[in-house]
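Chemist: Sharing a structure below in structure tokens format, with a few things to ask.
The values are calculated or read from the model by the stated rules, or taken from the named source; none is laboratory data. Being a predicted model, the structure only gives us computed values, none of them experimental. When we count neighbours, we look across all protein chains shown, and the Cβ atoms used for this are built from the backbone with ideal geometry, even at glycine. These accessible areas exclude ligands, DNA and RNA; they are computed on the full protein's heavy atoms, side chains included. Shrake-Rupley method; radii C 1.70, N 1.55, O 1.52, S 1.80 Å.
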Amino acid sequence: MPKTLLDKVWEAHTVADLPSGQTQLFVGLHLVHEVTSPQAFQMLRELGLPVLFADRTVATVDHIIPTHSEVRPFADAQAETMMSEIERNCREFGITLYDRASGHQGIVHVIGPEMGLTQPGMTIACGDSHTSTHGAFGSIAFGIGTSQVRDVLASQCLAIEKPRIRRIEVNGALPAGVYAKDVILHIIRTLGVKGGVGYAYEYAGSTIDAMTMEERMTVCNMSIEGGARCGYVNPDQTTVDYLRGRALAPQGDAFARAAAWWRDIASDADAPYDAVTRLDGTALTPVVTWGINPGQAIGVGERIPAVEAFTADERDVVEDAYAYMDWKAGAPIAGTRIDVAFIGSCTNGRISDLREAARVAKLGRVRSHVKAIVVPGSQDVARQAESEGLPEVFRAAGFEWRLPGCSMCLAMNPDKLSGRQVCASSSNRNFKGRQGSPSGRTLLMSPAMVAAAAIQGAVTDVRALLGGAR
Amino acid sequence: MSQLVQVTRVAGRPIPLRGNDIDTDRIIPARYLVAVTFDGLGEASFRDERFDAQGNLKGHVMDDPRYRAKGTRVAVVNKNFGCGSSREHAPQALLRWGIKALVGESFADIFFGNCVALGMPCVTTGSDEIARLLAAVEADPTQDLVVDLTAQTAVYGPLTIAVAMPAGIRNQFLAGTWDATRVLLDAAPQIKATAARLPYLTGFAG
């Protein structure tokens, strides 16, 4: 019987069928960071248990780490406590920690792939909802809570229900100035923020096939914003080529055997799906969110939709968004003045994102009323960018070049909005208060669109800028 | 190992938390996650919905004197409650505020799983039923809302509505096996056997 990748990976990792109807699922790679793990390690201590597979557990620091200074102790005493705690926990339980001294520190969803830890056919868990990122490699990867982090530390397993599966096919070449970020924002806009609840998303079609691994990571990263706990792309030659030579990927003869297994794990051509959605990639434009969840998004040339355009069920959230964001229905989103521009995050903090943003940054200077920051996703990304001269490009245009971390995506470190500031952001969530000010406003868009907004001082169609550059 | 704690019935004063797509950043703002314990999260529940920048109350339902009863609470919510960040701090905050069960139209997957791990049942019912329940508790919040996992009902005064939960999860609550660590470790030999047949853990030795 033909199977999906989800079926095959699930079967390979099933330890037992639990009386609850859930699966006891083996976790092939457990990624750990400083925010959702300290309580889990403490619970483990109280239970007197070791970490069962310490060699399949890898830690880094990203959420609370300051991006403007490497000095220890951190200025924020609580952040310093969290840093010390993960150092102690990794030492005590025998877990590798990629801290700044290692030279490979970064956002957990950036370093896993770039080091070759993330591989096709694995199950991957992390106490972070954007673990779905790793699905770009054809792994089944999802976020878990702290009690589940404890369970994985103790048993390398989770009690979890197998999701249903929706195949999302995007076909056709993307127009210039339209990026992977626009594709996933369009998918979420189409299927809604609840559309994926109970589902895994399989992304396919010629648009996805043509994407680089970094672009696929951007797409899979935001699966959770559509309600899907995981999303994946079937492994192909692009996947194999990306992994070849990575430090922690299989080496030598083992690589060829690995590549054969990776290809076998892909969905069979006639595999059954619970649902299928088809979208036209050629019709896409740059997308910008206008509301308070990632599904409230429009093309950059569109206007804030009227409440009547939504189902009765959605209208309360739409009215809430108008009030919070200070919109009137019918207003164009292009031209919206911004105060802050943020380029970075696990969605868009990789080298290709920085290259695209730099290409736009070369076309102007950050407007004087805008604070613009660029935060590489990892130390490896930062080194690559430095070797290409990107920090100089950004600085010359008036952007700040920072140290790697989650930064302004999530307000657990000094990078935060203040008051009612409007931020053009390459991150993943525009929830109320997400960027650190309880009244701060976030407009999600691609890194190139953020750079364009920074140099125009307002939301701008990056295609017009890039067109002028050619 | 922890002791088995059966959860068959939760009774407490209702707290209506209206709205679809209430995300976990709203339930517990990120700045409260910069800590190594879950202590003290209860009072930070919905902090930015409850207080303005000067620390004045904004009139959120959690601060409404009609809903200030002490003791166990049962929340009534709409669709996709707990979406967004996987932070267990969200259900931990609600639990510490007193909420020990939730009745809603639907819950985000990760939030639901986190609640199971804490022994907090999340049961679902239809939109009409939630609308009736919200109207009833807002009209008179002085009764106990009773979530009965055995009977699969939520009872509020004269109002009895059927509620659902996946059968296996419900059995875990009824049997007291919702704390998964023990169950998972019971399969230690099968865990090793599974690892031994995964190609990427055996160097793709073939």
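Chemist: Looking at (1) under 26 Å from the mean Cα position of the chain (by Cα); (2) in a loop (DSSP other than H, G, I, E, B); (3) over 30 Å from residue A:168 (Cβ atoms), can you tell me which one residue A:36 breaks?
Modeler: Going through the list (1) under 26 Å from the mean Cα position of the chain (by Cα); (2) in a loop (DSSP other than H, G, I, E, B); (3) over 30 Å from residue A:168 (Cβ atoms), residue A:36 breaks only (3).
Chemist: Hey, any hits in segment A:111-121 for a residue that's over 23 Å from residue A:240 (Cβ atoms) and open to solvent by less than 10 Å² (accessible area, probe 1.4 Å)?
Modeler: There is no residue in segment A:111-121 that is over 23 Å from residue A:240 (Cβ atoms) and open to solvent by less than 10 Å² (accessible area, probe 1.4 Å).
Chemist: Kindly indicate which of B:112, B:81 is under 18 Å from residue A:163 (Cβ atoms), of a type in the set (Phe, Trp, Tyr) and either within 9 Å of another protein chain (Cβ to nearest Cβ) or in contact with a helix residue (DSSP H, G or I) (Cβ under 9 Å, 6 or more places away or on another chain) (or both).
Modeler: B:112
Chemist: Where residues in segment A:14-35 are among the hydroxyl-bearing types (Ser, Thr, Tyr) and more than 7 Å from chain B (Cβ to nearest Cβ), which of them is nearest to residue B:181 (Cα to Cα)?
Modeler: This residue is A:23.
Chemist: Also, I was wondering about something else. Out of curiosity, is residue A:207 touching a residue at least 60 places away in the same chain (Cβ under 8 Å), open to solvent by 20 Å² or more (accessible area, probe 1.4 Å) and β-branched (Val, Ile, Thr)?
Modeler: For residue A:207, the condition - touching a residue at least 60 places away in the same chain (Cβ under 8 Å), open to solvent by 20 Å² or more (accessible area, probe 1.4 Å) and β-branched (Val, Ile, Thr) - is not met.
Chemist: What helices (runs of 4 or more DSSP H), lying completely within segment A:111-224, carry at least 1 residues that are more than 13 Å from every other protein chain (Cβ to nearest Cβ)?
Modeler: In segment A:111-224, A:180-191, A:206-209, A:213-221 are the helices (runs of 4 or more DSSP H) which contain 1 or more residues that are more than 13 Å from every other protein chain (Cβ to nearest Cβ).
Chemist: Here is a follow-up. Select, from A:2, A:19, A:50, the only residue that is outside any strand (DSSP E or B) and under 15 Å from residue A:153 (Cα atoms).
Modeler: A:50
Chemist: Taking segment B:171-206 only, how many residues are within 24 Å of residue A:26 (Cα to Cα), more than 10 Å from chain A (Cβ to nearest Cβ), open to solvent by 10 Å² or more (accessible area, probe 1.4 Å) and touching a residue at least 60 places away in the same chain (Cβ under 8 Å)?
Modeler: Number satisfying all stated conditions: 0.
Chemist: Go through segment A:39-61 and give me each residue that's under 23 Å from the mean Cα position of the chain (by Cα), open to solvent by 10 Å² or more (accessible area, probe 1.4 Å) and more than 8 Å from chain B (Cβ to nearest Cβ).
Modeler: Correct list: A:58 only.
Chemist: Identify, please: which residue in segment A:67-91 is more than 12 Å from chain B (Cβ to nearest Cβ) and touching a residue at least 24 places away in the same chain (Cβ under 8 Å) and is, among those, farthest from residue A:31 (Cα to Cα)?
Modeler: Checking each candidate, the answer is A:75.
Chemist: Considering only segment B:16-40, how many residues are away from chain A (no Cβ under 11 Å) and touching a Leu at 6+ places or on another chain (Cβ under 9 Å)?
Modeler: Qualifying residue count, segment B:16-40: 2.
Chemist: Residue by residue through segment B:117-160, note down the ones that are of a type in the set (Asp, Glu) and closer than 24 Å to residue A:160 by Cα.
Modeler: B:148
Chemist: Please work out if residue A:277 is polar (S, T, N, Q) and open to solvent by 70 Å² or more (accessible area, probe 1.4 Å).
Modeler: For residue A:277, the condition - polar (S, T, N, Q) and open to solvent by 70 Å² or more (accessible area, probe 1.4 Å) - is not met.
Chemist: Separate question: When you scan segment B:52-170 for helices (runs of 4 or more DSSP H) that lie fully inside it, which ones turn up with 3 or more residues that are over 23 Å from residue A:143 (Cα atoms) and either open to solvent by 10 Å² or more (accessible area, probe 1.4 Å) or in contact with a Phe, Trp or Tyr (Cβ under 7 Å, 6 or more places away or on another chain) (or both)?
Modeler: The helices (runs of 4 or more DSSP H) meeting that bar are B:127-139.
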